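The structure under discussion appears below in the form of structure tokens.
Computed from the coordinates by the stated procedures, all read-outs in this text should not be read as laboratory data. None of these values were measured; they are calculated from a predicted model. Quick reminder, even Gly has a Cβ in these numbers, built from the backbone with ideal geometry, and neighbours come from all protein chains shown.
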């Protein structure tokens, strides 16, 4: 027990300084833990998208579906659907998976691919013919993005010129846009999904956002650049239905030509070309025959004329 007025030793001073240092460190840790983070927001938009396909899809389509699931954290998968089943069953499958949106891939004749996207609650249903498809593995671009990051959706100005394109734009926004504060999403944006219209086709591209500058966070004069990541997709609109996989058609593309009709026209063109070649060969043969020199008749040619 220390007497009043006793001097404090050096050991007591060291213990007090160490205690103050620990208290300051704990205070800094508590202050850091109390800082607000992006993950503490409330997840309000419960939109989920079901991505699956029918039987008979090739490996490129299956890899493309997996690429979409990698860049869309709010998606779910399901087993392949039999082609003989009614499409109305797709709505029941989506409801069982708690999904409000559907991307359904359907293969025909092992060469044609169709994508149907629909809103399960009230519709509509939009059907596309896929005219171009490339996976990330095929392209091998240098761009890259973090899995689960939210995309920045960029639309061409032509989407606002026609009513059916405006409807497609809204569907793309709800399907490809990752909901804010989604548990599987990252709290930042590092890639861009570009939707453009050219030659009455919808072209979809995925780009990485690269920030150039000394200070990528505080520098206000940085110039962002984009590097393509993949995958790629080219869609040709076929029709739009009012309800989810049912209902009357509210829009039919007047310029749409089915793959069967294109192949048939190409076959007719080849047949017509071969027919014209035969006519040209026949005319050339007759012309060659007419241009042959006349051979004088032999005496024996008239022996059996009267008989």
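Key figures for this structure:
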| item | result |
| --- | --- |
| Virtual spin-label span in nm between residue 59 and residue 46, 7 Å along Cα→Cβ | 4.0 nm |
| Alpha-carbon centroids, the stretch 159-184 and the stretch 46-94: separation in whole Å | 18 Å |
| Three-way shape label, the stretch 146-213, alpha-carbon gyration tensor, a/c 1.5 | oblate |
| Globularity index of the stretch 49-260, i.e. its alpha-carbon radius of gyration over 2.2 N^0.38 Å | 1.05 |
